[in-house]
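S.K.: Here it is, the structure in full.
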Amino acid sequence: LFTDYGCMCTVVLPSHGPSEELLHKEGVATLIGPINWWCKGGDSASEDEKCQNITESLSWLICNQSLFEMINPDVILTNTIVVPWGAILASIIKKPHIWMIREYGDFNFFFSFEKVLQFIYESSDKIVTNSKGVQNALFPNLKPDKVKTIYQFINEPITTNNNIEKMNSYFFSDSFHMILPGTIMPYKGQEDAVKAVIELVKKRQSKVELLIIGYADIDYKNYLEEIIESEKMSDYIHILPFTENIFPLIQISDSVLVCTKREAFGRVTLEAILIGKPVVATNSGGTKELITDGETGLLYEPGDYLQLADQIERMINDADLRNTLASKAKDYAKKTFTKEKFGGEYYKII
């Protein structure tokens, strides 16, 4: 928007960090404020938590109303379902609002999900979803002039051979190497992968190794580690903290797993495909729009770890299949998810 159209952008962030630095490099102004979630990713919020989150965010908006009026945006865009404050600000300063929905809403909202969707509908001039799966699940009856699916364009990841030896140290053995990147929490389905590896190692005598990597819900991480320890699988399954640049680890892996129970789009899936790695993923959500089973990847039903083990075993035993899936998927992604095809759609809406 800035480079091609001279559009001045201001982004509100919840804290200082890497995103702030990257935005500044692109000529984007940033504000830091308590844009709290109106939901929780784990257990339900207490009444005190709900009150504190809403009061803190709403007070900040009201106190800074004059600043937002001075910025005088032509449009306000919300980039996630988990915060309502862009829509509320748009109402306060009377500006058009676009709501980009990038998740299904698998969260514990402070209000009923029906009311959440109704608020999204009433507070938005346009709703943009990142997959047909999300659009059909959340807004099946809305007309095209109100809701539109625009796939996310992703630059082809830049990979190098630097530090390959260091990266290989993350794996302990000469085996079939897999990586499962993403936030470690129940709906991301890491348990499927853990059980599939146990099945492959203990019952099928397969030589496999798995890296699970990402920010973690502590309780869920502890639960996974208890399974790994009790099954004596610590030589085969490794849980690592978030890494800012995941591409080198994907590059040295033989396959990428995506086990999310219902993935809205699957950025990790598309990045892995563009790097040229075969993917085994859940047959659900937006993933089905990225992968055709047996042609551009392999799919399994969420929760069916035995089927996941079967698909991984196919990958292990058939190098030609791996190469064919990876090649076809990369060609499909390059033809389908391009800046020219989808990137301009955002500009048209705005």
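The values are calculated or read from the model by the stated rules, or taken from the named source; none is laboratory data. The shown structure was predicted, so the numbers you read here are calculated from the model rather than taken from an experiment. Reconstructed Cβ throughout: ideal geometry from the backbone, glycine too, with neighbour counts over all protein chains shown. Just the protein is used for accessible areas: all its heavy atoms, side chains included, with ligands, DNA and RNA removed. Shrake-Rupley method; radii C 1.70, N 1.55, O 1.52, S 1.80 Å.
S.K.: So what J values fall out for segment 182-187 if you push phi through Karplus, 6.51 cos²θ - 1.76 cosθ + 1.60 with θ = phi - 60°, rounded to Hz, Gly and Pro as x?
M.R.: With coefficients 6.51, -1.76 and 1.60, one gets x, 4, 8, 8, x, 6 Hz.
S.K.: Right, here's the next one. Whose amide H sits under 5 Å from the amide H of Thr30, counting only residues 5 or more places off or on another chain, with H placed in the peptide plane?
M.R.: Amide H to amide H, under 5 Å and 5 or more residues apart or across chains, Thr30 pairs with Val11.
S.K.: Cβ neighbours within 10 Å, averaged per peptide: list 39-51, 205-217 in order, most packed at the top.
M.R.: Top to bottom by mean Cβ count within 10 Å: 205-217, 39-51.
S.K.: Please compute the contact order of the chain in relative form: average sequence separation of alpha-carbon pairs under 8 Å and at least six residues apart, divided by the residue count, as a percent.
M.R.: Worked out over the chain, it gives 13 percent.
S.K.: Continuing with this model, one more query. For a test of the definition: using alpha carbon positions, the gyration tensor, and the 1.5 limit on a/c, classify segment 44-85 as rounded, prolate or oblate.
M.R.: Oblate, because a/c is 1.5 or more while a/b does not exceed b/c.
S.K.: If you line up the long axis of helix 319-336 against the longest principal axis of the chain, both from Cα atoms, how many degrees apart are they, to the nearest 10?
M.R.: For 319-336 against the chain, the angle is about 20 degrees.
S.K.: Still on this structure, I have one more. In a shell of Cβ-Cβ distance under 15 Å around Asp219, excluding Asp219 itself, what net charge do Lys and Arg (+1) and Asp and Glu (-1) give?
M.R.: Result for the local shell: -2.
S.K.: Which percent of the accessible area of the chain is formed by carbon and sulfur heavy atoms (probe 1.4 angstrom)?
M.R.: The nonpolar share, carbon plus sulfur, comes to 50 percent.
S.K.: Let me ask something else about it. Can you show me the helix-derived [θ] at 222 nm for the chain, built from DSSP H runs with n ≥ 4 at -39,500 (n - 2.57) apiece and divided by the number of residues, rounded to the nearest 500.
M.R.: -12000 deg cm²/dmol
S.K.: I've got another one for you. Could you pull out every residue, at least 5 positions away or on a different chain, whose amide H is within less than 5 Å of the one on Phe265? Hs are placed 1.01 Å off N in the peptide plane, and Pro or chain starts have none.
M.R.: Gly286
S.K.: Magnitude of the Cβ-charge dipole of segment 201-251, K/R +1 and D/E -1, about the Cα centre, nearest 20 debye?
M.R.: The calculation lands at about 420 debye.
S.K.: Would you please classify the overall shape of segment 6-158 from the alpha carbon gyration tensor, given that a ≥ b ≥ c denote the square roots of the eigenvalues, rounded means a/c under 1.5, and beyond that prolate means a/b larger than b/c while oblate covers the rest?
M.R.: Rounded, since a/c falls under 1.5.
S.K.: For the chain, just the Cα set please: Rg and Dmax, both in angstrom.
M.R.: Every Cα atom of the chain included, Rg and Dmax give 21.5, 66 Å.
S.K.: Where does segment 244-312 land on the Kirkwood hydrodynamic radius, alpha-carbon pairs, in angstrom?
M.R.: For segment 244-312, the Kirkwood estimate is 12.0 Å.
S.K.: Amide H to amide H, which residues 5 or more places from Thr149 or on other chains are under 5 Å from it, using H placed in the peptide plane?
M.R.: Amide H neighbours of Thr149: Thr129.
S.K.: Please report the antiparallel percentage of DSSP beta bridges with both residues in segment 1-134, rounded to the nearest 5.
M.R.: About 15 percent, rounded to the nearest 5.
S.K.: Right, next: Once the dipole of the chain is set up with Lys and Arg at +1 and Asp and Glu at -1 on Cβ about the Cα centre, which of Gly105, Gly6, Gln251 lies farthest towards its positive end?
M.R.: The listed residue farthest towards the positive side: Gly6.
S.K.: Need one value: the accessible area of Arg267 in square angstrom, 1.4 angstrom probe, rounded to the nearest 10.
M.R.: Accessible area, nearest 10 Å²: 110 Å².
S.K.: Of all DSSP beta bridges in the chain, what percent run antiparallel (nearest 5)?
M.R.: Taking every DSSP beta bridge within the chain, about 5 percent pair in antiparallel fashion.
S.K.: Here is a further query. Just the number please: accessible area per residue for segment 72-130, 1.4 Å probe, all protein chains included, in Å².
M.R.: With the other protein chains kept in place, segment 72-130 gives 43 Å² per residue.
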